[in-house]
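**Student:** Below is a structure I'd like to ask you about.
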Amino acid sequence: MAKHSMRTWIGRAVMAGFRFPDTGEAYTVHVRRDAAEIRPEFPENPAITISVDSKVWKEIAAGARNPAAALFTEMDKEGGTLNIVRFLSLFKEE
């Protein structure tokens, strides 16, 4: 099993909202104290928001698609590109 880095992002908890418009699904990913909690609902005040088709996200997760390229070409995002990159880097394999 791959080890994932869950470094604290800027020393605090971070909440992200994910929307998958092709399926109508939405999720909260709340990272705090080196753990990620995922809930099947969109958060009220996320620090960052990512909207992307589920197929694209699955390809990113499987390593079949470059996340940096998708970030600029296939994702709608709010919260600042640098903050989104920092958040996603919390899940990068070491």
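Values quoted throughout were computed directly from the atomic coordinates according to the rules given, and no laboratory measurement underlies them. Being a predicted model, the structure only gives us computed values, none of them experimental. Don't worry about glycine lacking a Cβ; one is built from the backbone with ideal geometry, like all the others, and counts go over all protein chains shown.
**Student:** Quick one: dipole size for the chain, taken about the Cα centre, charges +1 on Lys/Arg Cβ and -1 on Asp/Glu Cβ, in debye to the nearest 20. Display every interim value, and only then the final one.
**Tutor:** Details: 13 positive and 13 negative charges, 80 e Å.
Here the chain has a charge dipole of around 380 debye.
**Student:** Arranged by the count of other C-beta atoms within 10 angstrom, fewest first, what order do Glu74, Glu25 take?
**Tutor:** Neighbour counts put them in this order, fewest first: Glu25, Glu74.
**Student:** With each label point set 7 Å from Cα along the Cα-Cβ vector, what nm distance links Ala70 and Glu25?
**Tutor:** Here the answer is 1.3 nm between the modelled labels.
**Student:** Just need the relative contact order of the chain here, percent rounded to a whole number, with Cα pairs under 8 Å and 6+ apart.
**Tutor:** Worked out over the chain, it gives 32 percent.
**Student:** Hey, how much of the P(r) for region 14-89 falls beyond 19 Å, as a percent of Cα pairs?
**Tutor:** 31
**Student:** Same structure, new question: What ³J(HN,Hα) values, in whole Hz, does the Karplus curve 6.51 cos²θ - 1.76 cosθ + 1.60 give for region 12-23 when θ = phi - 60°, with x put for Gly and Pro?
**Tutor:** Each residue's phi maps through the Karplus curve to give 8, 6, 10, 10, 10, x, 10, 10, 10, x, 5, 10 Hz.
**Student:** Something else: Sort Phe72, Phe91, Phe18 so that the residue with the fewest other Cβ atoms within 10 Å of its own Cβ comes first and the one with the most comes last.
**Tutor:** Exposure proxy ranking, most exposed first: Phe72, Phe91, Phe18.
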